[in-house]
1. Taking residue 310, is it farther than 27 Å from residue 33 by Cβ, in contact with a strand residue (DSSP E or B) (Cβ under 9 Å, 6 or more places away or on another chain) and touching a residue at least 40 places away in the same chain (Cβ under 8 Å)?
2. If I go through segment 110-135 residue by residue, how many of them are more than 24 Å from residue 192 (Cα to Cα) and crowded, with 21+ Cβ neighbours inside 10 Å?
3. Could you tell me which numbered condition residue 242 fails, if it satisfies all but one of (1) surrounded by fewer than 22 Cβ atoms within 10 Å (Cβ to Cβ); (2) closer than 19 Å to residue 187 by Cα; (3) modelled with pLDDT of 95 or more?
4. Within segment 285-301, restricting attention to residues that are free of Cβ contacts under 8 Å to residues at least 60 places away in the same chain and touching a strand residue (DSSP E or B) at 6+ places or on another chain (Cβ under 6 Å), which residue is farthest from residue 263 (Cα to Cα)?
5. Condition (residue is assigned to a loop (DSSP other than H, G, I, E, B), in contact with a strand residue (DSSP E or B) (Cβ under 6 Å, 6 or more places away or on another chain), within 20 Å of residue 198 (Cα to Cα) and at pLDDT 95 or above) applied to segment 264-271: is it met by at least one residue?
6. Please enumerate the residues belonging to segment 179-204 that are part of a helix (DSSP H, G or I) and either crowded, with 24+ Cβ neighbours inside 10 Å or in contact with a helix residue (DSSP H, G or I) (Cβ under 6 Å, 6 or more places away or on another chain) (or both).
7. What number of residues in segment 85-114 are modelled with pLDDT of 95 or more and assigned to a strand (DSSP E or B)?
8. Got a sec? Which of 63, 41, 47 is crowded, with 18+ Cβ neighbours inside 10 Å, assigned to a loop (DSSP other than H, G, I, E, B) and at pLDDT 85 or above?
C-alpha cells in the first residue's frame, strides 16, 4: 500500500487548553485530516518541514519525507491555498530525490536548510548541506552522484566543514568510530548542534546524544592520547530504546518504552529526566510547535496526541489531535502572514 502524508488545519484557541494554566493547546478547526501527498511514496516514515529563507533555496516552503521502503529522501514544495472560507496546504506535485540507497526512517532540517538523517544499517548520523540540495534541484547532480564522506575521512581532513559547490554528503557521526552511535533513530538539529536517539543500546551509547553539526577533533593536551572520534556527549541513558526526538526552547523530549509502556520523556540540560506522558502504545515521531505544545505520533494506536511541554511536570494530560492509521512522522507548518494565526500539523502514515 502506498504511503501518504496528511495535513490537518488547526487554529490557536484558549478553548483548546488541556487544563494547565497558561498552557494553550491547538484545536482542530475541522476535525478532519486531508491528504497532502497520496502517490509516489512506498513506506514513508519521518518528515521535516523547512520554511527557512536561505540564499541557496527559493522562498518556497519545503517538505522532506523519509521513505524507508524506497530507501530515499524526497523533497516537495508546499503552498498555502486560500479557498476564501478556509485555508489548506497543497504541493506543486514535484518529487525531488535528495538521497537514495539509505536505510532511512528519520529526517530533520535545521534553520540553515541542511538536512540530517540517520541510517540504522550503516549506523551513521548524516548531513546533506543546503547547497548540495540546491544543486540537485537545479539538475547539476542527481542523488546517484552524491558522495558520502565517512567520519574517519572527515577526521583526517580536520573536520566536517562543507565545501561550497561540492557534491559531498557527510557522515558526521559513525558507529564504527563513535561510541555514542549504536542504532540511531530520531534526530533534531538547532543549527549548531545535532541530537539523536539510539533505538537499541541506549543505556550504553546514550538514549539521547548531543553532537555538533560541523565537528572537529579536539586538540589533545600534552601527554594525552589524540582523540579518535568527534566530540559528543550523552544527555541521558535512562532507556535502551529511543525513537522520535524534538527540542523546545527549554527541554529535549524523546519517545521511548518503559516496561512495555510507551512514554514521552523530557530531559533537562543537566540530564534530569521526567516522564511527561505515559500509557502510549508505540510512540514514534515528535515535534514542537514553537510555543507550548508537543505533538507525538502513536503508531500502534493510530493517533496523534498533543500535550503541554512548557513546564517541567510528570503525568501531564494529553489530548487527541488526529486519528490516522499508522501515524509516524510529524511536523508543524506555521505561516502567520498567509494563514492568519493558522498552524497546520503534518501527519505521516504508512
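The values are calculated or read from the model by the stated rules, or taken from the named source; none is laboratory data. Predicted model, so just to flag it, every value in this text is computed and none were measured. FYI the Cβ positions are ideal-geometry reconstructions off the backbone, even for glycines, and counts take in every protein chain you see.
1. no
2. 0
3. (1)
4. So the residue we want is 288.
5. no
6. 202
7. Qualifying residue count for the region: 11.
8. 41 is the lone residue from the list that is crowded, with 18+ Cβ neighbours inside 10 Å, assigned to a loop (DSSP other than H, G, I, E, B) and at pLDDT 85 or above.
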